[in-house]
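The values are calculated or read from the model by the stated rules, or taken from the named source; none is laboratory data. None of these values were measured; they are calculated from a predicted model. Here the Cβ positions follow ideal geometry from the backbone for every residue, glycine too, while neighbour counts run over all protein chains shown. For the accessible areas, the whole protein counts, side chains as well, though only heavy atoms, and no ligand, DNA or RNA atoms are used. Shrake-Rupley method; radii C 1.70, N 1.55, O 1.52, S 1.80 Å.
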Amino acid sequence: EETGLIIPIGEWVLRTACEQGNRWIRRGFAEIRLAVNVSVRQMNSDNFFSTVEEILVETGFPAAQLELEITESTLQRVEHSRELLGRLKTLGLRISIDDFGTGYSSLSLLKHLPIDRIKIDRSFVRDLPHDANDVGITDAILALANSLDLELIAEGVETAAQQAFLVARGCQEAQGFLFWKPLDVTEMDALIDAGMGGTSN
């Protein structure tokens, strides 16, 4: 990040992810959603939009199935956030805010920026449903997402109790060790070959 090396690395990550996503689509997983994290340094680069556009054209990965994950701090530090995100949206891709609730951004960002999804940070999920503060914060984020018609996903779900709490409050998507551990491509392919990867989320 400090040296700028994140820019070529980020480009490689996005291109590699799109290429791999295409391979999974060809294997029958046509409805996959591919999420790729983007750093503030990438978004601040003059050619970020053209890089994303070129990679989508080169790889042929469906833009509608690509989701760029940014953080609240990224939005704070990128002065041209609204214009850049608006241009990215014209490509047909989706934008999500990762680790939501851990930054210091104004909630007006959600009102004025073309955001599709927010992801509740794992720090608020970890002690659910027993910590009253985390319950209150999670309820507030859920209400906010609902009122602004934003999709919502909870990160770091590790127990059935956490899952039950979130489902009862209307959170329909989650990720975490409760569902599966992180896998590299080889392990994921093996999971697909075993017939276990087609329905989980």
Handout entry: (i) 27, 24, 15; (ii) 33, 24, 14; (iii) 32, 20, 16, with the label sought being that of the calculated semi-axes √(5λ) of the Cα gyration tensor in Å
Key = (i)
Problem - Shape call, segment 19-76: gyration tensor on alpha carbons, a/c limit 1.5 - result: oblate
Practice task
Whole Å is fine, so just give me how far the alpha carbon centre of segment 48-74 lies from that of segment 102-158.
Solution key: 23
Fill in the blank from the handout: Once L5 and L109 are pulled to full extension, the length gained, defined as 0.36 nm per residue separation minus their Cα-Cα distance, is 34.6 nm
Problem - N146-T16 pseudo-label distance in nm [points 7 Å out on the Cα-to-Cβ vector] - result: 4.1
Problem - Length added when fully stretched, R87-V185, from 0.36 nm per residue minus Cα-Cα - result: 32.2 nm
Exercise for the section: Kindly report, to the nearest 10 Å², the accessible surface of F100 as traced by a 1.4 Å probe over protein heavy atoms only. Expected result: 10
Problem - Charge dipole magnitude, Cβ of K and R +1, D and E -1 - the chain, Cα centre, debye nearest 20 - result: 380
